[in-house]
Every structure is written in C-alpha cells, then in structure tokens.
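Trainee: Mind looking over this structure? Questions follow.
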Amino acid sequence: MKLQGNVSLSVGWITLFLMGTDLFVVSPLLPFISEAYKVGSATTGWMVTVFAITYAFSAPFFGWISDKKGRRTFITFGLLLFAISNTLTVFAPSFLWLIVSRILAGLSVASITPLIYAIIGDIAPPNRRGTWLSIVVSGHLTALWAGAPFGTLLEHFLGWRSVFVVMAIIGAILVVVNFKTWKSIPKSNLTSNLLGGNLLRILGSVSVTTIWAISMYTLYVYLGAALYSENRFSSSEIALAVTFYGVGAVLGSLTSGQLTDKFGEKKISKATLIFLALILICLGVFFSSGDWIYFFLFIWALVGYAGFTSYQARLAVEYPKERGIVMAWNNTALYIGITIGSMIGGYAISNWGYPPLPYVCSVAAIVSFILSTQKVQETKKESAFSANIK
C-alpha cells in the first residue's frame, strides 16, 4: 500500500511538473518565436492569453464530468491531447496554427491539472491529505524555477522548437504511465442540483483563491521590471531574485502539507493569509534596501504558497463529493485572479509607479482572509442548522 502511494505521488508530481513547465516556459521563448514567425511581441503574447482563457473556461467542465464519470479517462485523454498539441506547436506552418496549438494545449492542461489534484485528494489517507496535496503542488511550482530555466537552456543549444518536442515526447510517455497508475475512482453521487445553491457555495469558496492570486500576482507579474526600476538590478540579479521566490514557493507548499495535517486545514489557511499581509507590508518597506529583497521574496513565496496548498486541502475536505469540480473551479479562480492582478498592477504602475504594489497586494491578502473567515462562519451556521433539524 505504501509503495502504491509513493508511485501515485511520483506520477502526480512528474505530471504536474510537465504541466507547469508548459505554462511557465512559453514566456521566455516569446522573443524567439516572434522572430521565427515575424510577428510583433504583443501579437506573440496571445500564445499565453489563449492558453489561459481556454484553461479557465474548460477546467470546470472537466472537473464536473470527472466527478460523474471518473478521472483516469480524462487525465489520459488530456495527456494524449497535450502530446498532440505540442507536436502541432513544433510543426505549425503559420502563426495562426501556432495559436490553435496553444488553444489545444490549454484544453489539455485543463483536463489534467485540476483532476490530478482531485484524484490525489480521493486516494490520500485522510490524515495525510494535506501532505499528499502539498507534494504534487510542489511539482507544479518546481517548474517555475527548474522547468522553465531548463527549457530556456535547451532553446539556447537546439532552438525553441526542441522544447516542445521534449514536452510532447514526455507527454506521450505519461499517457501510458497515468493510465496504468490511476485505478478507477468510484463515481460521485453528485446530482443535477449542483447548479443550485451548492454551486453558489462553491463559487464563494473559490473566490478566496481569486483574491489570494491578486495578492501574489499584482506584484509578481511586474517583479522583474520593478527590481530593475527601483534597485537597478541586472538580469542575473533578477534571475537570482526569481530563484529565491521559486524555492520559497516549493518549500512553502511542502511545509504547508505537514502543518495542515498536524493543525488542520482551516487554521493554517487562515494563519498564512494574516502572515502574508504582514510580510507584504515588510516587502514594501524594504523593497529598495538591496540584498534584503532576496530574503523577503523568499518569505513572501514561502508563506503565500503555504496558504494556497492548505486551502486546496481545505476544499478537498469540505467538498468530498464534488472534489473534481471544486478543484477545477479553484484553478479557474486562480487564473481569474492572475488576470485581475496583472490589470490592477498595470493601473497602479501607470498612476503611482512600482512602490505601492506590495501594499496593494497586502490589502488583497486581508480581503482574502476576511472571505475565508466568512466561509468558515457560514459552514458553522449550516452545520448548526442541520443539527437542529435532526
């Protein structure tokens, strides 16, 4: 049983590492793709945009149908489509076909990432669910500081198309590996009433993630530009700063799993949001203080992603029958938050410059905490109401 658990976690980690690499590696490759197809950088950026939009809109569908039909089939389908879409990216004869390939890639990742989270939540021992989820989340986050730089290095020696060749090959291998790894999960007793009050409760729950994402990405999207503007960082210093952030994110996710299993999902998810707000204020104060910025970026990511992982575990516990669709909506909420955060950051920079960004993020963290607390109180009221009926 222990061996089977280790195999499941390893396969989940590797699969999410590949999904994260596909997400994070495109941005540093955009200049080379732009040159290859002779289009402007703004136009090339649509590769990222169409991927995110497709993912955000299709993930809830795959989560819903996997709750009814089982998850293994859709994860396998997603990986097959992932291999095909990356192959199309390699051989795309025009920029239009390149965009089509990224739409298909977004569709494929939407049927893989949230369902891996859900299936791990399904099979994990109840007293280890936080740890198991934190391990697979760390696979996705490791791609931020390991997968994307490796892809960039591969481009340097073999060209940008080689990155997608490698991802297509690994995706094809994982089709077989995932199909053999995941046993059929019992179908949920979920009924068509999901579109009633329960869906509204789910949307209320995942709104915490949307505001959390604003607290993380309003600054992160513009981090390189902010470090250059306020600290005159060189490209190597910016890369080092991002590495500190990435390592903090992975360690935060892993640490959160242990703490969640020990103290409970609700306590850790709320505590991390409070600490996140305080750390962001400190980050704002010390943003232009030289080497201290590395430390605060590390702590920011450590606490921030500890909160994300603990909240994933909390949702898995609170919605056992709708785990697939809840994880899917949570990922959609994440992408919505990233989009809104980037818009807020752009507005703030245009009007006030870079220094206010950490404080804007801190306000978002406080709002996320308040929403999280409201959710807990609502659950308690529902439980008390149920008890009175009985």
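The values are calculated or read from the model by the stated rules, or taken from the named source; none is laboratory data. Here the structure is a predicted model, which means the values were calculated and not measured. Don't worry about glycine lacking a Cβ; one is built from the backbone with ideal geometry, like all the others, and counts go over all protein chains shown.
Trainee: Which members of the stretch 122-142 meet the condition of being crowded, with 24+ Cβ neighbours inside 10 Å and over 13 Å from the mean Cα position of the chain (by Cα)?
Mentor: Selection gives Gly130 alone.
Trainee: Condition first: aromatic (Phe, Trp, Tyr), closer than 27 Å to Arg314 by Cβ and touching a helix residue (DSSP H, G or I) at 6+ places or on another chain (Cβ under 6 Å). Now tell me which residues in the stretch 204-253 satisfy that.
Mentor: Selection gives Trp212, Tyr217, Tyr245.
Trainee: Take Tyr319 and tell me if it is assigned by TED's automatic domain parsing to the domain that holds Ser256, farther than 18 Å from Gly264 by Cα and aromatic (Phe, Trp, Tyr).
Mentor: Answer is no for this residue.
Trainee: Okay, next question. Sort through Thr49, Thr44, Thr15 and tell me the only one that's at pLDDT 90 or above, assigned by TED's automatic domain parsing to the domain that holds Glu155 and not acidic (Asp, Glu).
Mentor: Thr15
Trainee: When both residues are 6+ apart or on different chains and their Cβ atoms are under 8 Å apart, which pairs have a first residue that lies in the stretch 208-232 and is in the same structural domain as Ser342 (by TED's automatic domain parsing) and without any contact (Cβ under 8 Å) to a residue 12 or more places away in the chain, and a second that is surrounded by fewer than 19 Cβ atoms within 10 Å (Cβ to Cβ) and not basic (Lys, Arg)?
Mentor: Filtered contacts from the stretch 208-232: Tyr228/Ile238.
Trainee: Follow-up. Just need a number here: residues in the stretch 1-47 that are outside any helix (DSSP H, G or I) and either in contact (Cβ under 8 Å) with a residue 40 or more places away in the chain or surrounded by fewer than 13 Cβ atoms within 10 Å (Cβ to Cβ) (or both).
Mentor: Residues in the stretch 1-47 being outside any helix (DSSP H, G or I) and either in contact (Cβ under 8 Å) with a residue 40 or more places away in the chain or surrounded by fewer than 13 Cβ atoms within 10 Å (Cβ to Cβ) (or both): 4 in total.
Trainee: Ok, one more. Tell me yes or no: at least one residue of the stretch 129-141 is of a type in the set (Lys, Arg), closer than 30 Å to Arg314 by Cα and out of contact with any Ser or Thr (no Cβ under 9 Å at 6 or more places or on another chain).
Mentor: No, the conditions are met nowhere in the stretch 129-141.
Trainee: Which one is nearest to His140 (Cα to Cα) among residues in the stretch 97-122 that are polar (S, T, N, Q) and modelled with pLDDT of 95 or more?
Mentor: It comes out as Ser108.
Trainee: Now, a different point. So for the stretch 153-166 (the condition being among the aliphatic types (A, V, I, L, M), modelled with pLDDT under 85 and assigned to a helix (DSSP H, G or I)), does at least one residue qualify?
Mentor: For the stretch 153-166, residues among the aliphatic types (A, V, I, L, M), modelled with pLDDT under 85 and assigned to a helix (DSSP H, G or I): present.
Trainee: Yes or no: Arg128 basic (Lys, Arg) and modelled with pLDDT of 85 or more?
Mentor: Considered against the rule, which asks whether it is basic (Lys, Arg) and modelled with pLDDT of 85 or more, Arg128 comes out as no.
Trainee: Considering the stretch 253-271 alone, what residues qualify as being more than 20 Å from the chain's Cα centre (by Cα) and surrounded by fewer than 18 Cβ atoms within 10 Å (Cβ to Cβ)?
Mentor: Lys262, Phe263, Gly264, Lys267, Ala271
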